[in-house]
Amino acid sequence: MDQANILIVGGGVIGCAIARAVSERWQDVFLVEQFPKLGMATSTRNSGVNHSGIYYPKGSLKARLCVEGNRLTYDFCEKHKVPFRHCGKLVVAADSHEQPELLALKKRGEDNGVAGLELVDAAEIRKHEPHIRGVAALHVPSSGIVSAEELVHAYARVATNQGAHMVTHAKVVSFEPSAS
């Protein structure tokens, strides 16, 4: 490739999501991936968790983007038929010494706008997951899991349909900015 106005290096979930977003507004979008298929590296080797935003400092960019991204990810998955489970999660205190951290985590999540956070007792933990033992837990209903591989492919499919070019087996060896 001699020249491109927008070049995205890496065909994982982030690269493909960026290609989807920028190809809505601009032409001449190229994504290059060194492997034979998109998403062959880290993106499809993770747990596919759709995080809620409970761990980041109040008002931080990470917190805001995580809370918004959580919702947008479910919306995208639903619209584009990407398998997901909006199953929630439990953050478990194994003993009473860990309970204050659950309260702090709940407060941080609420400060960040994470909805539906609830402290539950041992009996409620067993209702959600009988194999977990703990004295208390923070139930985070907005967390869930998505099929990471299918998410990568859905972003790439939408980007391609919008005119983006996906090039595999391609390594970037140098960049040269042009005057234009």
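The table for this structure:
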read-out	value
Residue-count net charge about Glu101 - beta-carbon cut-off 14 Å; Lys, Arg +1, Asp, Glu -1	+1
Directionally averaged shadow of region 44-101, computed from the convex hull of its alpha-carbon atoms, nm²	5.5 nm²
Charge sum, other residues only, whose C-beta stays under 14 Å from His169's C-beta, Lys/Arg counted +1 and Asp/Glu -1	+1
Solvent-accessible area, 1.4 Å probe, carbon plus sulfur percent, for region 51-146	56 percent
Rounded Å value of the spacing that divides the Cα centres of region 49-100 and region 103-139	13 Å
Per residue accessible area of the chain, 1.4 Å probe, in Å²	61 Å²
Region 108-180 pair-distance distribution - Cα-Cα, 10 Å bins, rounded %	14, 22, 22, 16, 18, 7, 1
Stokes-Einstein translational diffusion, region 7-47 - Kirkwood Rh over all Cα pairs, 1.567 mPa s, 4 °C, in µm²/s	123 µm²/s
Summed residue charge, Cβ within 12 Å of Gly134's Cβ, Lys/Arg positive, Asp/Glu negative	-3
Cα-centre dipole for region 50-142 with unit charges at Cβ (Lys and Arg positive, Asp and Glu negative), debye to 20	320 debye
Packing-based order for 137-145, 40-48, 13-21, 95-103, using average beta carbon neighbours within 10 Å, highest first	13-21, 137-145, 40-48, 95-103
Cα convex hull of the chain, projected area averaged across orientations, nm²	12.9 nm²
Tail weight of P(r) past 16 Å, computed on alpha-carbon pairs of region 51-146, percent	56 percent
Note, ³J(HN,Hα) from phi for region 25-34, Karplus 6.51, -1.76, 1.60, rounded to Hz, x at Gly and Pro	10, 10, 9, 6, 9, 10, 10, 10, 10, 6
Calculated FRET value between Lys127 and Leu7, using beta carbons and R₀ = 41 Å, to 0.05	0.20
Given charges at Cβ of Lys, Arg, Asp, Glu: the chain dipole, positive-most of Pro141, Gly69, Ala21	Pro141
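The values are calculated or read from the model by the stated rules, or taken from the named source; none is laboratory data. All values reported here derive from a predicted model rather than from experimental measurement. So basically every Cβ, Gly included, is an ideal-geometry build from the backbone, and we count neighbours across all protein chains shown. Just the protein is used for accessible areas: all its heavy atoms, side chains included, with ligands, DNA and RNA removed. Shrake-Rupley method; radii C 1.70, N 1.55, O 1.52, S 1.80 Å.
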